[in-house]
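The structure under discussion appears below in the form of structure tokens.
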Amino acid sequence: MRLDLNGKTALVTGSTQGIGFAIATGLAKAGARVALNGRGESGVTAAIDRLRGEVPDADVVAAPGDVSTGDGTDRVLEAVPDIDVLVNNLGIFGSRSPLDITDDEWRRYFEVNVLAAVRLTRAYLPGMTSRGWGRIQYIASDSAIVIPAEMIHYGVSKTALLGVSRGFAKTAAGTGVTVNSVIAGPTHTGGVEDFVYELVDKDLPWNEAQREFMRLHRPQSLLQRLIEPEEIANLVVYLASPLASATTGAAVRVDGGYVDSIVP
């Protein structure tokens, strides 16, 4: 199975590190021209250099801008006015006692995790439909379904993305544009290793440590290890490809079996 995105331009928000960077790298390997996004120019430049180190022939564009704001979104739209693939990956998370989450925090989570994606979809979907081809994806989370007690605001924002995705898929019905959400499970990113070693024996090798962490603290996972960012990216690249033409309006899981459900 060959995932061919030659001739397509993709924008991945929040793509200077973690899952977003892995997705951008996967899209570049599939031949897409990829726009990397982050709030600052220096971070985007560093990420571009890193990506070109991994994919030497990659066609990469800098698209800095804070897409949780109108002005930042305008900067991104100026850098890449027309795209074929939009991956709304940008997101924030953090634990907080439910009764301590302020109105301002609720608003911030919705601005970053939901409205940024809505704003970009509104901007790019008309061009995709007029050309008769496009792919829009929202990176959701198992927390959208299994709402975590310690970060309700995060979980609810990801639940909202599932609804946004389904709604825009109906808007794009019959146009050749597909719209889907990706439910990502517990993933090995950034400071997760430090977090794991706060909860398990620090002398354990990493592979043993993460399995012990999953056994004790995420026992419902069928994978029984953390997911690597590249494993999330593999699904996203497939959904971005012409091969996924019949998948739309879906919430597709790459959660290692974390969500205890036979659907979706």
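What the table below lists for this structure:
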quantity	calculated
Solvent-accessible area, 1.4 Å probe, carbon plus sulfur percent, for the chain	51 percent
Gaussian network model of the chain, springs between alpha carbon atoms under 10 Å - residue of Asp57, Asp142, Asp203 with greatest fluctuation	Asp203
Accessible surface, the chain, averaged per residue in Å² (probe 1.4 Å)	47 Å²
0 to 90° range, to nearest 10: angle between helix 116-131 axis and the chain longest Cα axis	40 degrees
Long-range HN-HN contacts of Ile227 with modeled amide H, under 5 Å	Thr187, His188
Those lysines that a straight Cα-Cα span of less than 25 Å connects to Lys170, excepting residues fewer than 8 apart in one chain	Lys8, Lys158
Farthest positive-ward along the chain dipole, Cα basis, beta-carbon charges - from Gly249, Ser42, Gln137	Gly249
With 5 Å bins from 0: P(r) over the stretch 131-195, alpha-carbon pairs, percent	4, 17, 21, 19, 15, 11, 7, 4, 2, 0
Cα-centred dipole magnitude for the chain, charges only on beta-carbon of K, R (+1) and D, E (-1), debye, nearest 20	960 debye
Relative contact order [Cα under 8 Å, 6+ residues apart], the chain, whole percent	19 percent
Centre separation in Å (Cα based) which lies between the stretch 1-64 and the stretch 196-237	26 Å
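The values are calculated or read from the model by the stated rules, or taken from the named source; none is laboratory data. Everything numeric in this text was worked out from a predicted model, so none of it was measured. Cβ coordinates were reconstructed from backbone atoms using ideal geometry, including for glycine residues, and neighbour counts include every protein chain displayed. Ligands, DNA and RNA are excluded from the accessible area calculation, which covers all protein heavy atoms including side chains. Shrake-Rupley method; radii C 1.70, N 1.55, O 1.52, S 1.80 Å.
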